[in-house]
Amino acid sequence: MPAHTMPARTTPPPRQRPAPRALPPPVQLAKPGKAVGFRTPLGPRRMKANEPAMRFASLTSAACRKEVVARKLPVSFDKKGYGKVGLPVRITGPMHGVTIRTAPKSSKYGVLDCRLALAFELMAEVLAQHGVRELRIGNIYRPGAQIRGQRTKSQHSHALAADVSAFVNAKGKVIPVEGNWGAAIRDLPCGPKAVMKSKSADARLLRDAVCDLSRRGVFHHILTPSANHDHRNHFHFDIARKSKNRFMK
Ligand SMILES: [Zn+2]
């Protein structure tokens, strides 16, 4: 539409410096073609307020719904209520060319919270840069799920966590997490001192991609097969309202 027909601006332009309690600005998505390797440092453990996971976790349900709609994300809002899930949605199509395979519509395990859907979009963009074309998720929502050995509720109980069992590369090859990690329990996964015992390109792809997700602050907590025996066959990714930590184990 020509400029002279634009409606007059009635609201003042946004201030240069946001008010102290204002939300950080929308996440700038990753720059294309900037995939880096797992030995690149992760950055400080304390996350900055403008890192993606911090911002996603701080959104209200209403603000999240608005952002999902504005970004035209392929998600549907699930009208059913699911316990402690703030705003339940389901993935209905690929994001940035990456298929995100969740449990089918008949299953509650494919439900995710709206805030996690925003993290998924950024995750898909990063994974696409690493040549991943599909992500296989075992489960997301697990009502009442607790962290093993603790009384704390797992982020799965809020549908803010996903367990990923495999990536599929650009050639369509399925790369399961199990058997393609290349490090033992308690080995350091990322950074200059990371342990990598495998020379396979598949293991390298998983490692580079997962470390990049942590580095870019897409999630608060990432658990890999180096965390413990429970995670030998999947990656755990979550965002958490109360956390300010970048946790990669
Ligand atoms: Zn998990």
If we keep only residues of region 117-142 that are within 12 Å of the ligand (Cβ to nearest atom) and not β-branched (Val, Ile, Thr), then the residue most open to solvent (accessible area, probe 1.4 Å) is Arg142
Q) Is there a residue being over 22 Å from the mean Cα position of the chain (by Cα), away from the ligand (no atom under 16 Å from the Cβ) and in contact (Cβ under 8 Å) with a residue 60 or more places away in the chain anywhere in region 195-211? A) yes
TODO: May I ask you to verify whether Ala145 is within 14 Å of the ligand (Cβ to nearest atom) and in contact with a helix residue (DSSP H, G or I) (Cβ under 7 Å, 6 or more places away or on another chain)?
DONE: yes
Only one of (1) crowded, with 23+ Cβ neighbours inside 10 Å; (2) away from the ligand (no atom under 16 Å from the Cβ) does not apply to Ser214, and that is (2)
From the option list Gly97, Gly86, Gly93, Gly131, single residue qualifying as closer than 18 Å to His156 by Cβ and of a type in the set (Gly, Ala, Ser) is Gly86
Checked against (1) open to solvent by less than 40 Å² (accessible area, probe 1.4 Å); (2) at pLDDT below 95, Val177 satisfies every condition except (2)
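Name the residue, out of Lys105, Lys84, Lys66, that is modelled with pLDDT under 90, more than 15 Å from the ligand (Cβ to nearest atom), over 23 Å from Arg216 (Cα atoms) and not hydroxyl-bearing (Ser, Thr, Tyr).
Going through Lys105, Lys84, Lys66 in turn, the sole match is Lys105.
Could you please let me know if Pro143 is over 16 Å from the mean Cα position of the chain (by Cα) and not polar (S, T, N, Q)?
yes
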Within region 148-164, residues open to solvent by 20 Å² or more (accessible area, probe 1.4 Å), in contact with a strand residue (DSSP E or B) (Cβ under 8 Å, 6 or more places away or on another chain) and more than 11 Å from the ligand (Cβ to nearest atom) come out as Thr152, Lys153, His158
Here the qualifying pairs (Cβ atoms under 7 Å; residues six or more apart or on different chains; first in region 226-244 and open to solvent by 10 Å² or more (accessible area, probe 1.4 Å); second of a type in the set (Asp, Glu) and within 11 Å of the ligand (Cβ to nearest atom)) come out as His234/Asp163; His236/Asp163
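Look at Ala183 and say whether it is more than 13 Å from the ligand (Cβ to nearest atom) and either surrounded by fewer than 21 Cβ atoms within 10 Å (Cβ to Cβ) or under 17 Å from Met123 (Cα atoms) (or both).
yes
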Taking region 228-249 and keeping only residues that are within 22 Å of Lys193 (Cβ to Cβ) and near the ligand (Cβ under 10 Å from one of its atoms), one is left with His231, Phe235
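The values are calculated or read from the model by the stated rules, or taken from the named source; none is laboratory data. Model, not experiment: these values are computed from the prediction. With ideal geometry, Cβ positions are generated from the backbone for all residues, glycine too; neighbour counts draw on all protein chains shown. Each accessible area value is taken on the protein alone, full model and side chains, heavy atoms only, with ligands, DNA and RNA left out. Shrake-Rupley method; radii C 1.70, N 1.55, O 1.52, S 1.80 Å.
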